[in-house]
Amino acid sequence: MIKILTSLACAMLLTVGVANANSSADQLARIALPEGGVYPNGITHANDGTLYVGQITRGGVLRRSPGGEWSRLHEGAPDIFAGTSLRLDRERNVLWGASPDFLPEGEPRIPRIFALDANTGEVLQTTPLTIGFTNDIAVEPEGSILITESNGGRLLRLVRGSTDFETVLQDDRLTDETGIGAGGIARAENGTVAIGNFSSGQLYLYENGNLRQLELARRIENPDGMRFAPDGSLILLESAVQSGNGRVLRIADPLAAGQRNIEVIAEGLRSPVNLTVTDDGTAYVTESHIRHRMVDGLGDQRPGSFHIVVVPLS
């Protein structure tokens, strides 16, 4: 479906600017999804350790208690048919999610943003986006959310209860001919917003009304989910559609000027797509295994089970 990199470009990505990985995927702890959980994507956590997990090709939200018991916060609905991003507004107990039709079977459904009560699963709102592709979300302090729109290279804002998306930014650098441009997003404490272009492999910072490219030692093979860690570093995922070598990366002092180094924290993950980072410095990463549905010739590689990978950041 998606041909993002040529073999030459892919080889360059794998040989330039790579630090030694601290952990391989088989050394990391994993949390198995419950029966029926497939292609995990959006993930977030509550202060008590509860995990919320969305899926690429199914609606509803899975919930894992601090004790390890799984339940379903929401069963899914015609207008909540995916969960590529989940972000919890802890102050207001609102769980925000993005529901785009990434791999449509037939006529694509209209993408939308939804909000649930994080305790009961009650639907608080669903807001369709008539043009574009809702990808990832960051929560703002006052309760509104920022959304990456992948097709048009836009950064959108949505206020709870509103039916209108505000265009904060549109920039061609956040687009790509494949249709998958702006993807992962994270908001720093000072309000700076980091955005990755999934297909071009570039990262950008939106600050003081301006978008600037982050100068890196190498391109990233499909940057996806990202979060700022408690120490201010940027933790992000290298989804690696073409090579298959998914990685967890760290960029220290990402807001500073000049070229930033890329540290590989873990590698060998299978299509990592999103993550949440706890205050104690642990990343919970959704390993989607979606690559076999994006690259020709891999159709027989559907896994028998799906997991969240637990990645210590120190």
Residues of segment 211-223 classified as in contact (Cβ under 8 Å) with a residue 60 or more places away in the chain and either surrounded by fewer than 21 Cβ atoms within 10 Å (Cβ to Cβ) or under 16 Å from GLU149 (Cβ atoms) (or both), total: 4
Criterion violated by ASN208 - all others in (1) more than 22 Å from TYR52 (Cα to Cα); (2) surrounded by 17 or more Cβ atoms within 10 Å (Cβ to Cβ) satisfied: (2)
Odd one out for GLU35 among (1) touching a residue at least 12 places away in the same chain (Cβ under 8 Å); (2) farther than 26 Å from GLU238 by Cα; (3) among the charged types (D, E, K, R): (1)
Looking only at segment 205-233, and only at residues there that are among the charged types (D, E, K, R) and assigned to a loop (DSSP other than H, G, I, E, B), the one that is nearest to the chain's Cα centre (by Cα): GLU221
Residues of segment 253-285 classified as more than 17 Å from GLY196 (Cβ to Cβ), aliphatic (A, V, I, L, M) and in contact with a Lys or Arg (Cβ under 9 Å, 6 or more places away or on another chain), total: 1
PRO230 being under 26 Å from GLY97 (Cα atoms) and either surrounded by 19 or more Cβ atoms within 10 Å (Cβ to Cβ) or of a type in the set (A, V, I, L, M) (or both): no
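Yes/no matrix, rows are residues, columns are (1) without any contact (Cβ under 8 Å) to a residue 24 or more places away in the chain; (2) on the phi > 0 side of the Ramachandran plot; (3) touching a Pro at 6+ places or on another chain (Cβ under 8 Å):
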site: PHE102; (1), (2), (3): no, no, no
site: ILE110; (1), (2), (3): yes, no, yes
site: ALA115; (1), (2), (3): no, no, no
site: ILE131; (1), (2), (3): yes, no, no
site: VAL139; (1), (2), (3): no, no, no
Residues that are among the hydroxyl-bearing types (Ser, Thr, Tyr), modelled with pLDDT of 95 or more, over 28 Å from GLY232 (Cβ atoms) and in a loop (DSSP other than H, G, I, E, B), drawn from segment 163-204: THR175
In segment 207-238, residue farthest from SER85 (Cα to Cα) [restricted to those that are of a type in the set (S, T, N, Q) and in contact with a strand residue (DSSP E or B) (Cβ under 7 Å, 6 or more places away or on another chain)]: GLN213
Any hit, segment 252-260, residues being among the charged types (D, E, K, R), out of contact with any Leu (no Cβ under 7 Å at 6 or more places or on another chain), farther than 22 Å from TYR39 by Cβ and without any contact (Cβ under 8 Å) to a residue 40 or more places away in the chain: yes
Scope segment 219-276; condition in contact with a Phe, Trp or Tyr (Cβ under 8 Å, 6 or more places away or on another chain) and of a type in the set (Val, Ile, Thr); matching residues: ILE235, THR276
Test set (1) within 29 Å of ALA32 (Cβ to Cβ); (2) without any contact (Cβ under 8 Å) to a residue 40 or more places away in the chain; (3) charged (D, E, K, R) - ARG247 fails condition number: (2)
Single condition ALA283 does not satisfy, out of (1) without any contact (Cβ under 8 Å) to a residue 60 or more places away in the chain; (2) in contact with a Ser or Thr (Cβ under 9 Å, 6 or more places away or on another chain); (3) over 23 Å from LEU88 (Cβ atoms); (4) among the aliphatic types (A, V, I, L, M): (3)
Some residue of segment 136-154 being assigned to a loop (DSSP other than H, G, I, E, B) and touching a helix residue (DSSP H, G or I) at 6+ places or on another chain (Cβ under 8 Å): yes
Segment 181-205 - residue that is out of contact with any Leu (no Cβ under 7 Å at 6 or more places or on another chain) and either surrounded by 22 or more Cβ atoms within 10 Å (Cβ to Cβ) or among the hydroxyl-bearing types (Ser, Thr, Tyr) (or both) and, of those, nearest to SER150 (Cα to Cα): GLY183
Positions within segment 158-176 being farther than 13 Å from GLY201 by Cα and not hydroxyl-bearing (Ser, Thr, Tyr), in sequence order: LEU158, VAL159, ARG160, GLY161, ASP164, PHE165, GLU166, VAL168, LEU169, GLN170, ASP171, ASP172
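The values are calculated or read from the model by the stated rules, or taken from the named source; none is laboratory data. Predicted model only: the values in this text are computed from it and were never measured. Backbone-built Cβ (ideal geometry, glycine too); neighbour counts: all protein chains shown.
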